Amino acid sequence: MKVVREKLLEWYKINKRDLPWRHTKDPYLIWISEVIFQQTRIDQGLEYYKRFVQRFPNVKILAESSEDEMLKVWQGLGYYSRARNLHYSAKYIINELNGKFPNTYDEIIKLKGVGPYTAAAIGSICFDLPTPVIDGNVQRFISRLFAISEAVNTSKGQKTISNAIEKIFSKKEPGDFNQAMMEYGATVCKPVNPECDNCCFNEECFAFQRGIVNELPNKVKANAPKSRFLIYKVYKRMCDGETQYLLYKRDNESIWKGLYEFPFEEFNSKKSIEAELNEPKSLYGSVSHLEPLKHQLSHQTIFAFPILIEFDDKLPINVTLAEWYSVDQIQDLPVSKLINSVLKSLGVV
Ligand code: SF4
């Protein structure tokens, strides 16, 4: 086991990718990187990370920003609850902890949106806490190295992975060791075509020795995503010579809380939405159909049917909390990828 630990640390020192957060132990910057890369690949999220820390270089500046501004910088990364939690926790650090980032596992995990994975990563990288980090890359690498057949997304499988890591973990260099496991899983022990022939562990790797690399990791299948059918009502009007659209800020508990969107109506099937599209009711203006959109989220597939309604503003409109925004104002509003696609089809962004 010592051989595995030493080989892995040595491999990491020579082969680690040169990434901005690897030049710092500043817990704020490590926190931002860990949150962004929880559900985003490094090549997809790198520019977002750079932009985010350039605009909000420290916890005080993040805490003092408006939610709209912060969400606008996050726009496109998805999983917006991550951004809202960062903002909330930044305020908590400034107001309740006198601006000092917590430095124990128990305190770090109290930050909103921080779970065991992120707390372990921040704790080990910034404060040398001996807390193993287990993400998808680590699960894959360790389950193959030790030929663990239990499903890695069950509590039993996670416990087995944890026990296996205990055997090789470096308490002397916990931050580097955690990053080494994640890096190895991401770049060598990859989901498809792992580089077993060039792998420095192919003598120790039980999955390789037994010829079962492609069978691991085992996972319990997730439920199929739910389909949702929405008609977005894009109200447009001319006011004092400028084009305006009606949008509202979502304030209910949902993945898009805090983002702006067009009023919408939900239907329970494709058939019922088609009936409504063919004969729209009481829309206060002339209607034209925009390009339908399909938007895939982790647990749902949204079939969106935007319709453009050239609004006659003499008639009442029953959309509470919505406001008219000019094309210029819309540029600063945080919106989901789906609404951004509708705005693109209108030529607004
Ligand atoms: S031999 Fe293959 S499966 Fe085993 S650790 Fe190396 S890359 Fe992963």
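Tabulated results
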read-out: Strands (runs of 3 or more DSSP E) (entirely within region 220-273) containing at least 3 residues that are under 18 Å from Q331 (Cα atoms) and within 25 Å of the chain's Cα centre (by Cα); value: 242-249
read-out: Helices (runs of 4 or more DSSP H) enclosed by region 1-78 - at least 2 residues per element that are in contact with a Gly (Cβ under 8 Å, 6 or more places away or on another chain) and not basic (K, R); value: 27-36, 67-74
read-out: Qualifying residue in region 150-167 (condition: in contact with an Asp or Glu (Cβ under 6 Å, 6 or more places away or on another chain) and within 13 Å of the ligand (Cβ to nearest atom)); value: no
read-out: Boolean, Y28 is hydroxyl-bearing (S, T, Y), farther than 18 Å from G175 by Cα and at pLDDT 95 or above; value: no
read-out: Test result for A151, closer than 26 Å to E10 by Cβ and either touching a helix residue (DSSP H, G or I) at 6+ places or on another chain (Cβ under 9 Å) or surrounded by 17 or more Cβ atoms within 10 Å (Cβ to Cβ) (or both); value: no
read-out: Selection status of S143, touching a helix residue (DSSP H, G or I) at 6+ places or on another chain (Cβ under 9 Å), among the hydroxyl-bearing types (S, T, Y), within 12 Å of the ligand (Cβ to nearest atom) and over 22 Å from G123 (Cα atoms); value: yes
read-out: Residue match in region 201-216 (condition: within 21 Å of R17 (Cβ to Cβ), out of contact with any strand residue (DSSP E or B) (no Cβ under 9 Å at 6 or more places or on another chain) and surrounded by 15 or more Cβ atoms within 10 Å (Cβ to Cβ)); value: yes
read-out: Extreme residue, farthest from V342 (Cα to Cα), among residues of region 274-294 that are of a type in the set (A, V, I, L, M) and part of a loop (DSSP other than H, G, I, E, B); value: L283
read-out: Filter result for the condition that a residue is of a type in the set (A, V, I, L, M) and touching an Asp or Glu at 6+ places or on another chain (Cβ under 9 Å), over L9, L29, L62; value: L9
read-out: Count of region 119-131 residues which are under 15 Å from F101 (Cβ atoms) and surrounded by fewer than 21 Cβ atoms within 10 Å (Cβ to Cβ); value: 4
read-out: Unique residue being touching a helix residue (DSSP H, G or I) at 6+ places or on another chain (Cβ under 7 Å) and at pLDDT below 95 when the list is G136, G113; value: G113
read-out: Positions within region 182-211 being near the ligand (Cβ under 9 Å from one of its atoms), over 21 Å from K2 (Cβ atoms) and in a loop (DSSP other than H, G, I, E, B), in sequence order; value: K190, P194, E195
read-out: Every residue from region 228-281 that is hydrophobic (A, V, I, L, M, F, W, C) and within 19 Å of G76 (Cα to Cα); value: L247, I255, W256, L259, F262
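The values are calculated or read from the model by the stated rules, or taken from the named source; none is laboratory data. What you are looking at is a predicted structure, and each value in this text was computed from that prediction instead of being measured. No Cβ is skipped: glycine too gets one built from the backbone with ideal geometry, and neighbour counts run over all protein chains shown.
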